[in-house]
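To start, the structure under review is shown below, and the notes come after it.
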Amino acid sequence: MDIVTARNLVFEYIRRDDDGNVEGIEKALDDVSLDIPEGSFVGILGANGSGKSTFAKHLNALLVPGDGTLWVDGMDTNDNDLLLKIRQTAGMVFQNPDNQIIATMVEEDVAFGPENMGVPREEMEERVEKSLSAVHMKDFREASPNRLSGGQKQRVAIAGVLAMEPKCIVLDEPTAMLDPIGRREVLSAVRELNEKKGITVILITHYMEEVTKADILFVMQKGKLVMQGPPREIFSRVEELERYGLTVPQVTALSYALRKGGIRLPEGILTREELVEELLKTGRLGLGMAPSVRKREAVNRKDAPFCINFQNVEYRYQPGTEMEVVALENVNLSIREGEFVAIIGHTGSGKSTLIQLMNGLNKPTSGEVYYQGVDISSKDYDRRTLRTKVGLVFQYPEYQLFESTVFKDVCFGPKNQGLDEKSAGRRAIAALQAVKFPEEHYYDSPFELSGGQKRRVAIAGVLAMEPEVLILDEPTAGLDPKGREEILSMVAELHEKKNQTVILVSHSMEDVARYAERLIVMMDGGILYDDVPGEVFKMADELEQHGLSAPEVTYVCRALSESSGLVLPELPTTVEEAAQAILERIRPC
Amino acid sequence: MLKDITLGQYYPTDSVIHRLDPRVKLAAVLIFLITLFAFQGPVAMGVCAAFLIFVIVLTRIPFSFMIRGLRLILVILIITALMNLFFTNGEHILWSYGVLKISIEGIKMACLMVFRLIFLILGTSILTLTTTPNQLTEGMEKGLRWLSYIGVPIHEIAMMMSIALRFIPILTEETDKIMRAQMARGADFETGGLIKRAKAMIPLLVPLFVSAFRRANDLALAMEARCYHGGRGRTKLKPLIYQKRDFISYFVLLGYVTAVIAASVWWKSR
């Protein structure tokens, strides 16, 4: 029995100019036909603007097809009389945890759906209770949503849908705004619902790792359904996926690279256990040749001058009140000019406080912060100028755009520095070029750009001040795989070509391993590790105890060296390193 | 300074007043305010004061905490007192200097107004100190439901109020975030004249509005997705149902009103 049946769905967004004339038509859905069996776990993948979200909104009858038909549990979504029944059958969870919680108390929010359906009170109690236990949030029944973490909020949102007793849950990028722990919480809750209660799950995501265990994957591109099949099959078509702006899970990428290197491996390997087993089966792994020097050369910056120094820094929020919170404690840290440093840690570990201390937005409660040897919390220090030297790109920086054109917005920083119109303009153009923003959109409104383009403009807004240090707080959050890649390689280029000092806050160990020279792991307001990534990832077990992890390929290599005696001088941390290390140690047939 | 504002703040403790149905409390405040201004004379004021003290004791909120709210209106209190003291026209003039004169009536009037203001603030802060904003909204929705028969969209107003309550802390946090982000781009919110400062708010306000609209849009979708279709046919997880204590309170309230009227009538007929 299929819970969702779509036949030749078409949906068009019509753009009109100020006079109501049609300016352009964009086909968000273009002849989409698909079937989703009841009780399955389905993943929908696609770049931004591929039509995934539009499709999701159709499942909930928030949008109705312009052409074609969509049946949800046998009900035609075009039938207005069935509207509430359909929304009850296919519940929906959205991306932003804050914007979908309606009530000021968890239990009242969970009850919102049933209240609308007119469920009697006694039954409602029961439903709220059951739904909250299903997502393991029973203890937070009377909590205020504002006090919950992102992952917890999303689980409340899921409970809110569950309380309507749906047959199917549609989740539109539910993990995009969460940290790794939140992501795991949400995913395991969703998987449990699917396995234990047989609820159909339709998960839209940009993280490939989240859908490796799905029953079916659908890939969309420009409104069209371009691929469908089980994960194993979809992820074996690496090049095709790349064409659609998508990636494959890291393990799959590694096995793909190894196959290209001549090792005979089956297609579409998804888990590290699988890959290790298959590699051992080849029987060709061995001590092989002596390992050649392969590691990325560690950059020696011992002679570079220090730019940022922290000495016994402590930071408390609202000191002296009942709500006092210690955000940072006993932090000692030096960063040299030209370094590419990554900072990793959970939400609440003190990362954001740390970077705002670097540019003087926060003042240490005790201890000192020095910039180029000068104490920045001293009374007569010009912190406004410091902020232009230590450029900080906040999380979701596109939310700060405010001017009427892209160009003007980027000029805001340089003008605040006191530059005249002309030199500010010159800086702006240089910055826009550095972020590879297309020239034909310089004078467009920043609000009409796509998410990835907006982010570039916002980063350019900080670059235009020509900062000596560039700090980026999760610059890739919420972007699709291609967008993530583009932003990161742009930052890497700035670092390489202009010797820009870069401090990157990230949740992704994979990204950090690829780009950073040095990795700082934050934990509970202190520094847990501060070393080159390869060394930090040797502590994979310790990292895991703290809810963090090493890159997937590191685990694969570690398992290989443990079970086959493969000698690795250093644990590889990126796909390229891992592929090279393994290929070098394969005996020729 | 901000922590001095007790008006509109909830004081979480368990008392019989806290547990009362919000409709009772709304009605009580309304009646209290009416009696406060409709009836005169020291005896009536005394009854008001006695009733107020009786309720304050029942709330179990420390008296010192409650009068903290008065500090904010101290200036207003002083001005009111002085105005009444010096500008009331009375027969028994005790002292005068130009247009300023102090009369017995003036002293009485000043006392009356100051007491009225103090009682007004205390009375309304008891309501907000013992009732969560949510309960208030619900009390309003149910207590004023009859207004919907004459076309007042009372459910919608209540829904809007409760959503506003949910989003105030979120938007406050967001304001702080945007402010910091613009400061990181060299923006200056702290120096300069009035016009310069007003101009400096643009980079803060535009993103804030854009974000508020985006959130509103998202929230509307999320509400629709969860079958929201207005107030019709809606049930409640925690419906307001009158308990025994609520009926008792209404009787107490009735007793209070009778006492005030009696006191006022007696004072006049004296």
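Please treat every number below as a calculation from the coordinates, not as lab data. Worth saying up front: this structure is predicted, and the values here are computed from it rather than measured. When we count neighbours, we look across all protein chains shown, and the Cβ atoms used for this are built from the backbone with ideal geometry, even at glycine.
Here are the numbers:
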{"item": "Beta bridges by DSSP in segment A:441-589, antiparallel share as percent, to the nearest 5", "result": "50"}
{"item": "Separation of the A:N499 and A:D17 label points, Cα + 7 Å toward Cβ, nm", "result": "5.1"}
{"item": "Options A:G43, A:F55, A:G20, ranked by Cα towards positive dipole end of segment A:1-62, top entry (Cβ charges)", "result": "A:G43"}
{"item": "Packing-based exposure ordering (other Cβ within 10 Å, fewest first) of A:D215, B:D188", "result": "B:D188, A:D215"}
{"item": "Length added when fully stretched, A:D81-A:T385, from 0.36 nm per residue minus Cα-Cα", "result": "103.3 nm"}
{"item": "Computed label-point distance, nm, for sites A:Y317 and B:R245 using a 7 Å Cα→Cβ extension", "result": "3.4"}
{"item": "In segment A:426-461, the trypsin sites (Lys or Arg not before Pro) that fall in loop regions by DSSP, at most 15 other Cβ within 10 Å", "result": "A:K436"}
{"item": "Centroid-to-centroid separation of segment A:208-248 and segment B:49-87 [C-alpha atoms, Å]", "result": "68"}
{"item": "Cα-centred dipole magnitude for segment B:148-225, charges only on beta-carbon of K, R (+1) and D, E (-1), debye, nearest 20", "result": "340"}
{"item": "Along principal axes, Cα extents of segment A:168-236, largest first, whole Å", "result": "30, 27, 22"}
{"item": "Distance between modelled label sites at A:E542 and A:S489, nm, 7 Å Cα→Cβ extension", "result": "3.5"}
{"item": "If the convex hull is drawn through the Cα atoms of chain A, its volume per residue in Å³", "result": "179"}
{"item": "Segment A:1-64-segment A:410-461 distance, computed between alpha-carbon centres (Å)", "result": "33"}
{"item": "Residues B:I163, B:I241, sorted so that the one with the fewest Cβ neighbours within 10 Å comes first", "result": "B:I241, B:I163"}
{"item": "Degrees separating the helix B:42-59 axis from the principal Cα axis of chain B, which is the longest one", "result": "40"}
{"item": "Residues B:S96 and B:I34, FRET efficiency given R0 of 51 Å [Cβ-Cβ distance, rounded to 0.05]", "result": "0.90"}
{"item": "Nearest-ten-degree value, helix B:74-87 long axis tilted from longest Cα axis of chain B", "result": "40"}
{"item": "Exposure proxy order (Cβ contacts within 10 Å, fewest to most) of A:C307, A:C411", "result": "A:C307, A:C411"}
{"item": "Segment A:E26-A:Q395, extension gain: residue separation times 0.36 nm, minus the distance between their alpha carbons", "result": "129.9 nm"}
{"item": "Full-stretch length increase - A:E273, A:H136 - with 0.36 nm per residue and alpha-carbon distance subtracted", "result": "46.4 nm"}
{"item": "Cα long-axis angle, helix B:202-225 against chain B (0 to 90 degrees, to the nearest 10)", "result": "80"}
{"item": "Percent of alpha-carbon pairs separated by more than 31 Å within chain B", "result": "49"}
{"item": "Which of B:L219, B:A181, B:S162, positive extreme of dipole for segment B:148-225 (C-beta unit charges)", "result": "B:A181"}
{"item": "Percent RCO, i.e. relative contact order, over chain A, from Cα pairs under 8 Å lying at least 6 residues apart", "result": "13"}
{"item": "The protein assembly as shown, dipole about Cα centre (Lys/Arg Cβ +1, Asp/Glu Cβ -1), debye to the nearest 20", "result": "2540"}
{"item": "Length-normalised contact order of segment A:306-531 in % [C-alpha pairs under 8 Å, at least 6 apart]", "result": "29"}
{"item": "Longest site-free stretch - chain B; sites: chymotrypsin sites (Phe, Trp or Tyr not before Pro), DSSP loop, at most 13 other Cβ within 10 Å", "result": "B:1-188"}
{"item": "The protein assembly as shown: antiparallel DSSP beta bridges as a percent of all, rounded to 5", "result": "60"}
{"item": "Listed residue (B:M109, A:V313, B:L30) projecting farthest to the positive dipole end of the protein assembly as shown, Cβ model", "result": "B:M109"}
{"item": "Trypsin sites (Lys or Arg not before Pro) lying in DSSP loop within segment A:483-528, provided at most 10 other Cβ fall within 10 Å", "result": "none"}
{"item": "Counting DSSP beta bridges with both ends in segment A:2-244, the antiparallel % (nearest 5)", "result": "55"}
{"item": "Cross-link pairs A:K351/B:K177; A:K389/A:K498; A:K454/A:K497 - those with Cα-Cα distance over 21 Å", "result": "A:K454/A:K497"}
{"item": "Given charges at beta-carbon only (K, R positive; D, E negative), |dipole| of segment A:2-244 in Debye", "result": "560"}
{"item": "Semi-axis lengths (Å, descending) of the ellipsoid that matches the C-alpha gyration tensor of segment B:148-225", "result": "33, 15, 10"}
{"item": "Those trypsin sites (Lys or Arg not before Pro) in segment A:346-409 that DSSP places in a loop and that have at most 14 other beta carbons within 10 Å", "result": "A:K379"}
{"item": "For chain B, the longest site-free run once GluC sites (Glu not before Pro) in DSSP loop states with at most 10 other Cβ atoms within 10 Å are removed", "result": "B:92-189"}
{"item": "Sequence-separation-based contact order of segment B:148-225, relative, with Cα cut under 8 Å and 6+ spacing, percent", "result": "26"}
{"item": "Lysines whose Cα lies under 19 Å from that of B:K196, excluding same-chain neighbours fewer than 8 positions away", "result": "A:K408, A:K415"}
